[in-house]
1. Do we find that ARG115 is in a helix (DSSP H, G or I), modelled with pLDDT of 85 or more, within 30 Å of ASP54 (Cα to Cα) and not assigned by TED's automatic domain parsing to the domain that holds ALA20 in this structure?
2. I'd like to check something: does the range 76-88 contain any residue that is in a helix (DSSP H, G or I), among the aliphatic types (A, V, I, L, M) and under 30 Å from GLY148 (Cβ atoms)?
3. Determine, yes or no, whether LEU18 is in contact with a Leu (Cβ under 8 Å, 6 or more places away or on another chain) and either within 30 Å of GLY148 (Cα to Cα) or surrounded by 15 or more Cβ atoms within 10 Å (Cβ to Cβ) (or both).
4. Look through the range 5-62, keep the residues that are within 28 Å of LEU104 (Cα to Cα) and β-branched (Val, Ile, Thr), and return whichever of them is nearest to the chain's Cα centre (by Cα).
5. Tell me, please, whether a residue that is in a helix (DSSP H, G or I) and either modelled with pLDDT of 90 or more or closer than 16 Å to LEU80 by Cβ (or both) can be found in the range 152-159.
6. Given LEU141, LEU188, which one is surrounded by 14 or more Cβ atoms within 10 Å (Cβ to Cβ), more than 14 Å from VAL93 (Cβ to Cβ) and not assigned by TED's automatic domain parsing to the domain that holds ASP32?
7. Show the residue pairs that are 6+ apart or on different chains and have beta-carbon atoms under 9 Å apart, the first residue being within the range 104-118 and among the charged types (D, E, K, R), the second being part of a helix (DSSP H, G or I).
8. Out of the range 178-196, which residues are in a loop (DSSP other than H, G, I, E, B) and touching a residue at least 12 places away in the same chain (Cβ under 8 Å)?
Amino acid sequence: MVRPRFAKLAPAQQQRILQAAVDEFAEHGFHDASLNQVIEAAGISKGSLYYYFDGKDDLYVYAVQTELQALFTRLGPFPLPSEGDADTFWSTVERYYLMLMSALVDSPQLAALIRGWIATSANPTLRRAQQEAELALGPWLQQALAAGQRVGAIRTDLPPALLIAVVSGMGQAMDTWLLIEEPDRDELPRLISALIEMIRGAVRPVAA
């Protein structure tokens, strides 16, 4: 884990360590990244690094989570539609997802970090961090589900947990494919529109 004493560092020094870690992990991936290179680029000693982080796993988690948080701060919160119809709801989802994936195209380092994050799910520490992130997303998914059901965009005859599991599974598959295949930016709107339509079809209300 990130040790509390790291937060006491001057912001500029925190940023140097973060950027050194991002550069190394993005270029070489988690397994091949060298802590010695991070230490040299950050201008700190090996002892200092372990004074702030428990190990390589924790530094990697910190780098990915911090960069993701910065991305979502730039994009702003997802605007959950409180009124309108099913088309309005899914158009909002599609626009935000396109904005997110376009931002990753423009941030190759972050995209590389996330690809590495996906590939390291067998690591216990990283898998635990991924599970914690999924749990943190739970309340938002419940709100999105409820908003979609209110406007008739999502079926109501199945348990909410099952619907969330279906949408989450499809969403993760979409994220993984887009990040690994790296389609041309010009292709993103068409691909994302088709992928959102697949999710829409999976949870569309059943006609009476």
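1. Working: in a helix (DSSP H, G or I): yes; modelled with pLDDT of 85 or more: yes; within 30 Å of ASP54 (Cα to Cα): yes; not assigned by TED's automatic domain parsing to the domain that holds ALA20: yes.
Spelling it out, ARG115 is indeed in a helix (DSSP H, G or I), modelled with pLDDT of 85 or more, within 30 Å of ASP54 (Cα to Cα) and not assigned by TED's automatic domain parsing to the domain that holds ALA20.
2. In the first step, residues of the range 76-88 are kept if they are in a helix (DSSP H, G or I); the result is 86-88.
Restricting the remaining residues to those that are among the aliphatic types (A, V, I, L, M) gives 86.
Checking the rest, the ones that are also under 30 Å from GLY148 (Cβ atoms) come to 86.
For the range 76-88, residues in a helix (DSSP H, G or I), among the aliphatic types (A, V, I, L, M) and under 30 Å from GLY148 (Cβ atoms): present.
3. Working: in contact with a Leu (Cβ under 8 Å, 6 or more places away or on another chain): no; either within 30 Å of GLY148 (Cα to Cα) or surrounded by 15 or more Cβ atoms within 10 Å (Cβ to Cβ) (or both): yes.
Against the criterion (in contact with a Leu (Cβ under 8 Å, 6 or more places away or on another chain) and either within 30 Å of GLY148 (Cα to Cα) or surrounded by 15 or more Cβ atoms within 10 Å (Cβ to Cβ) (or both)), LEU18 does not qualify.
4. VAL61
5. Within the range 152-159, the subset in a helix (DSSP H, G or I) is none.
The answer is no, given that none of the residues of the range 152-159 is in a helix (DSSP H, G or I) and either modelled with pLDDT of 90 or more or closer than 16 Å to LEU80 by Cβ (or both).
6. Numbers: LEU141 fails: more than 14 Å from VAL93 (Cβ to Cβ).
After ruling out the rest, the residue left standing is LEU188.
7. ASP106/ARG185; ARG115/GLY29; ARG115/THR176; ARG115/LEU179; ARG115/ILE180
8. Here is the first cut: in the range 178-196, the ones in a loop (DSSP other than H, G, I, E, B) are 182-184.
Listed by number, the list holds a single entry, GLU182.
The values are calculated or read from the model by the stated rules, or taken from the named source; none is laboratory data. Everything quoted here is computed from the prediction, not taken from an experiment. Methodologically, a virtual Cβ is constructed for each residue, glycine included, from the backbone with ideal geometry; neighbour enumeration extends over all protein chains shown.
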